[in-house]
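Quick note: the coordinates plus some simple rules give every number you see, no bench work behind them. Treat the numbers as computed from the prediction; the structure is a model and nothing was measured. Backbone-built Cβ (ideal geometry, glycine too); neighbour counts: all protein chains shown.
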Amino acid sequence: MKAIIRTGDGGPEVLQLGEIPSPNPTETQVLVDVHATALNRADMIQRRGGYPPPPGDSEVLGLEIAGTVSAMGRAVKGVAKGDRVFGLVGGGGYAEQAVIDYRMAMPMPDEWTFEQAAAVPEVFFTAGDNIFTQGGLSTGETILIHAGGSGVGTAGVQISHHAGAKVFITAGTPEKIEKCKALGAEEGINYKESDFVAEILRLTEGQGVDVVVDFIGATYLERNLSVLKTRGRLLQLGLISGSVTEINLNTLMRNRIQLIGSVLRTRSIDEKIGVTQNFMDRWLPELASGKIRPIIDTVFPLAHVQEAHAYMEANRNFGKIILKVR
Ligand SMILES: NC(=O)c1ccc[n+]([C@@H]2O[C@H](COP(=O)([O-])OP(=O)(O)OC[C@H]3O[C@@H](n4cnc5c(N)ncnc54)[C@H](OP(=O)(O)O)[C@@H]3O)[C@@H](O)[C@H]2O)c1
């Protein structure tokens, strides 16, 4: 099968279209003819030689797939050949075929394209699991989502707004801020022009927010703690600016703040099946009915993967970048 091969550690140029053997499904996996996959920020790190796939998962990049079932293991139930499915994988998405545990292969809503389906799993699982299951956001609370225009951000803004929370975001351009407002954000802060701490305190009349979703890491930690209310929750989901810093733990203690770190990829298969089921119960019906939607910035053919990676690294996307495989 055709797949994107990583020829070394480095920039987009190390990604080359080539031929590798198709994967064989285990007893509990289905083999999917992949029609579309999507980029995630983590793919940039893996391309440079970090963030390895969990043991047993494909070395090929790509954390989500949408396609049709072409074969399956003997223990697979409830899935038939030809079914249109989509879901999260530990790796292997940038290829014509990929394997996925049948309990994570979700049926695609009839009216969806493969590109729409491929834009959903990683960002809606991450946003849904963290903001609600880990972070306990509830109706009437306030949330600050950094990088509101990222894939995860665009999912987080929509589901938080849909759940009746007041949403604030940060982003690096006025255009991204306006687009986030169209998805339900109350206000956006251009972090390149204003101090988000001062702005959040102004917008909340000095109260701060209940939940912060952060991908920036080291340089934001102390400031994130300072915009949280008593019993606030800080969800640490990315480390774009680095992972080592020093903070005054007094803020954490005095305000009874919870600092929650989380990664999806390294979780056990049982935990990932649980996250998939929660998503199917809580958010898939809302997506299928169009109340919330996958946000797609650009669709590139698989062969243009280098261009797609350069586009993401330049922070040009609002929402997801899709690779069309067939
Ligand atoms: N923990 C998990 O399980 C998990 C799962 C999925 C993703 N993630 C993390 O979630 C984040 C978003 O992922 P994604 O795939 O949705 O990313 P994405 O679409 O590539 O968006 C990332 C955005 O972050 C902003 N950004 C980049 N550098 C920044 C900086 N130094 N300071 C402030 N903002 C900056 C840029 O927007 P602006 O133009 O606004 O600057 C950029 O477009 C990543 O950090 C990723 O690793 C975590």
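Between GLU178 and ARG267, the FRET efficiency estimated from the beta carbon spacing at R0 = 41 angstrom works out to 0.70.
Here the label points at ALA288 and ASP9, each 7 Å from Cα along the C-beta direction, are separated by 4.4 nm in the simple model. Count Lys and Arg as plus one, Asp and Glu as minus one, and take only other residues whose Cβ is under 10 Å from that of ARG103; the net charge is then 0.
Each listed q (0.12, 0.13, 0.16 Å⁻¹) maps to a log10 I(q)/I(0) for the chain, found by the Debye formula over equal Cα scatterers with no solvent: -0.80, -0.93, -1.34. Between GLU186 and SER243, what's the calculated FRET efficiency when r is the beta-carbon distance and R0 is 30 Å? Round to 0.05. The calculated FRET efficiency here is 0.50. Look at where the Cα atoms of region 246-304 and of region 172-245 average out, and the two centres are 17 Å apart. Just to check, using Stokes-Einstein with a Kirkwood Rh over alpha carbon pairs, what's the diffusion coefficient of region 123-261 at 25 °C and 0.890 mPa s in µm²/s? Taking Rh from Cα pairs, D becomes 169 µm²/s. Measuring nothing but how far apart in sequence close Cα pairs (under 8 Å, 6+ apart) lie, relative to its length, the chain scores a relative contact order of 18 percent.
Do the alpha carbons of any pairs in LYS166/LYS291; LYS2/LYS81; LYS179/LYS272 sit beyond 23 Å of each other, and which pairs? Long pairs (Cα-Cα over 23 Å): LYS179/LYS272. Among SER138, SER58, SER150, the order by Cβ neighbours within 10 angstrom, fewest to most, reads SER138, SER58, SER150. A Cα-only calculation for region 48-127 places Rg and Dmax at 12.7, 38 Å. What is the angle, in °, between the Cα long axis of helix 151-162 and the longest principal axis of the Cα atoms in the chain? Nearest 10 is fine, range 0 to 90. Long axis of 151-162 versus the principal axis of the chain: about 60 degrees. Over all orientations, region 140-183 has a Cα convex hull whose mean projected area works out to 2.5 square nanometres.
If a spin label sat at a point 7 angstrom from the Cα of GLN134 along the line to its beta carbon, the backbone N atoms of region 208-238 nearer than 12 Å would be those of 212-215, 234-238.
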